[in-house]
Amino acid sequence: MAEEPCQCSDCQRFYKEHDRLIREFPTFKQQQEVNWASIQSFRTLCGTVTNELQRQLSQLESNEHTSQEEKHISVEDITEALDELESVNAYLYSIEALMEKIFDIKISKNIELKFKEIAKELAPDPLNIDRIILNRLFHQTPDFPDKKNIN
């Protein structure tokens, strides 16, 4: 028996985003590009935040007007965050190296068409009228009440 997908809000958000990415980027090449852009944007953001935290840490350590308690809490929090971000950045570099290998792979237009075809099956448009009708058959929704409730 197949296991039901998790229904928690985090998983539901993940499923929606997962399907959206398949719908909006249904080819191999588009998936390569969107994943590369995602990794690069994550690296850019992490790197910029790391630089800003390092700057703040330097200011806190050199600022003599900060009380020892404020200085200790802030320095400790920033130092811990910097350690974690250093790990994240290392992982992102590793992912980037793997992605470079994926970018070496080229596929034919016929295979790209197969990607598009399968993408429609994996993540059909939730606003497609056929999909809405099918969902209504399986689930009662407030906008489509039972016929017996209609006066």
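The values are calculated or read from the model by the stated rules, or taken from the named source; none is laboratory data. Because the structure is a prediction, the values reported are computed rather than measured. Backbone-built Cβ (ideal geometry, glycine too); neighbour counts: all protein chains shown.
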Just to verify a result, which residue in the range 111-131, among those that are among the hydrophobic types (A, V, I, L, M, F, W, C) and in a helix (DSSP H, G or I), is surrounded by the most Cβ atoms within 10 Å (Cβ to Cβ)? Ala119
Note on the range 80-110: residues in a helix (DSSP H, G or I) and in contact with a helix residue (DSSP H, G or I) (Cβ under 7 Å, 6 or more places away or on another chain) are Ala81, Leu82, Leu85, Val88, Asn89, Leu92, Ile95, Glu96, Met99, Ile102, Phe103
Tally of residues being in contact (Cβ under 8 Å) with a residue 24 or more places away in the chain and over 30 Å from Glu61 (Cα atoms) across the range 73-104: 5
Which residues, taken from the range 15-54, are part of a helix (DSSP H, G or I), hydroxyl-bearing (Ser, Thr, Tyr) and within 21 Å of Phe115 (Cα to Cα)? Tyr15, Ser38
Output yes when any residue across the range 121-142 is at pLDDT 95 or above and either touching a Cys at 6+ places or on another chain (Cβ under 7 Å) or among the hydroxyl-bearing types (Ser, Thr, Tyr) (or both), and no when none is. no
Result of the Cβ filter at 9 Å on the range 1-14, keeping first residues that are assigned to a helix (DSSP H, G or I) and partners that are of a type outside the set (A, V, I, L, M, F, W, C) and modelled with pLDDT under 85, at least 6 apart or interchain, is Cys11/Pro5; Gln12/Pro5
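For the range 1-35, enumerate the residues that are in contact with a Phe, Trp or Tyr (Cβ under 7 Å, 6 or more places away or on another chain) and surrounded by 14 or more Cβ atoms within 10 Å (Cβ to Cβ).
Correct list: Pro26, Thr27, Phe28, Gln31, Gln32.
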